[in-house]
1. Say whether the condition of being in contact with a His (Cβ under 8 Å, 6 or more places away or on another chain) and assigned to a loop (DSSP other than H, G, I, E, B) is met by at least one residue in segment 156-168.
2. Would you be able to tell me the number of residues in segment 50-74 that are part of a helix (DSSP H, G or I) and acidic (Asp, Glu)?
3. What residue, among those in segment 193-229 that are acidic (Asp, Glu) and in contact (Cβ under 8 Å) with a residue 12 or more places away in the chain, is surrounded by the fewest Cβ atoms within 10 Å (Cβ to Cβ)?
4. Name the strands (runs of 3 or more DSSP E) wholly inside segment 75-134 in which the number of residues that are crowded, with 24+ Cβ neighbours inside 10 Å and away from the ligand (no atom under 16 Å from the Cβ) is 2 or more.
5. How many residues are within 23 Å of the chain's Cα centre (by Cα) and open to solvent by 20 Å² or more (accessible area, probe 1.4 Å) if we restrict to segment 334-344?
6. Condition first: modelled with pLDDT of 95 or more and within 16 Å of the ligand (Cβ to nearest atom). Now tell me which residues in segment 266-284 satisfy that.
7. Looking at (1) open to solvent by less than 60 Å² (accessible area, probe 1.4 Å); (2) more than 16 Å from the ligand (Cβ to nearest atom); (3) at pLDDT 95 or above; (4) within 28 Å of ALA104 (Cβ to Cβ), which one does MET395 not meet, given that it meets all the others?
8. Residues ALA385, ALA314, ALA321: which one is away from the ligand (no atom under 16 Å from the Cβ), in contact (Cβ under 8 Å) with a residue 40 or more places away in the chain and under 23 Å from VAL295 (Cβ atoms)?
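The values are calculated or read from the model by the stated rules, or taken from the named source; none is laboratory data. Predicted model, so just to flag it, every value in this text is computed and none were measured. Here Cβ is always computed from backbone atoms with ideal geometry, including for glycine, and neighbour counts include all displayed protein chains. Each accessible area value is taken on the protein alone, full model and side chains, heavy atoms only, with ligands, DNA and RNA left out. Shrake-Rupley method; radii C 1.70, N 1.55, O 1.52, S 1.80 Å.
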Amino acid sequence: MEPATTSGSATTGTATLPPRDQLPLHVLGTGADPAAERGVSCPGELPPAADPSLVRRAERARATLGDRAFVLGHHYQRDEVIRFADVTGDSFKLAREAAARPGAEYVIFCGVHFMAESADILTSPSQRVVLPDLAAGCSMADMATYSQVEECWEVLEDLDLDSCVVPVTYMNSSADIKAFTGRHGGTVCTSSNAKRALTWALDAGSKVLFLPDQHLGRNTAVLELGLGLDDCVVWNPHLPSGGLDRAALDRATMILWRGHCSVHGRFTARNVAEVRERIPGVQVLVHPECVHEVVLGADQIGSTEKIIATIEQAPAGSAWAVATELNLVRRLAARNPDKTVVFLDETVCFCSTMNRIDLPHLVWAMESLAAGHVVNQITVDPVTAGQARAALDQMLALP
Ligand code: SF4
């Protein structure tokens, strides 16, 4: 079956490129670099980041839009953006919040591309979802492309394994991967309900194809379902047959896609040991997208929402080393001055794509909408949206 396509309003065509050493440098959000990223250029005038009137312009545009717009801010967004969010949350909470406001003509999604797609799937056809910078993608979502996943499924079909494999995709995947999952009777999961999703899938079949984050799949299967590490195999989409032979696939309960989050995947067991030495009594709180060794060394594991609740409810004087995106950790530290809250790694690391949404892009998007120009609209075609919705609905129906 042909992949159903999704689209933003900007595309990058092929271009004849100058040699690498002659490629021009582009300030983020200006011009286009067809060698590197999709949709870097914005149609129209992007205000300079140094414009001292940016906050005033944002406030004015927001006031002009009023109830016609609803601004969503993912927890990993910059403070300068979060201050304009009507609601903050993780990706699924935000998509549901958008769906709960059918009166909002424009949903301005301050997050990354797959989140805006989910919002478009869950909102009504009359609502328009806008991503202020189309280059705000997700490296994890990009690690499972539609054609790679279809190839994997064909191998499973050839081995007559498809009837016992249930696909489960993490929320952090593109709409066409969610649609693939819906078409094959699977479900979507979040980091909060991954255990329930896997339990359901292993009741429905004897194996799970888990996309695209191997770490969330492994951590949930081993630490929450009691499977062994040798019940898990990793499907490498860059190798023939995923690098796995028939015997390995027969033995496996979890077929984990070889994807990871570039932010959470960088924490190490050494970081855990170092912070325990540096801050006596510190509690290590990590996201389940971290590698298995890091999760094993932690005191607590939690989704983004659980991390926030844990820090906010912690007693004064307690110390926490948190392994998640740095914007959120900094905000938690600022909001909880009676506790010590540090980033697990001493080297700073933001999610570079989340950070693409900055105040100039938000101002540009809101001013354009206020002037009647819909920019950077994210649309998922109806066939893909319907199939992806089936997988999302299955998640909502999880026991
Ligand atoms: S933090 Fe990781 S999973 Fe989230 S958007 Fe960034 S790269 Fe993707």
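1. no
2. Count: 2.
3. Of everything passing the filter in segment 193-229, GLU224 is surrounded by the fewest Cβ atoms within 10 Å (Cβ to Cβ).
4. Because the criterion is at least 2 residues that are crowded, with 24+ Cβ neighbours inside 10 Å and away from the ligand (no atom under 16 Å from the Cβ), the strands (runs of 3 or more DSSP E) in segment 75-134 that meet it are 106-110, 128-130.
5. 2
6. Residue satisfying the conditions is PHE267 alone.
7. (3)
8. Result: ALA321 is the single residue among ALA385, ALA314, ALA321 that is away from the ligand (no atom under 16 Å from the Cβ), in contact (Cβ under 8 Å) with a residue 40 or more places away in the chain and under 23 Å from VAL295 (Cβ atoms).
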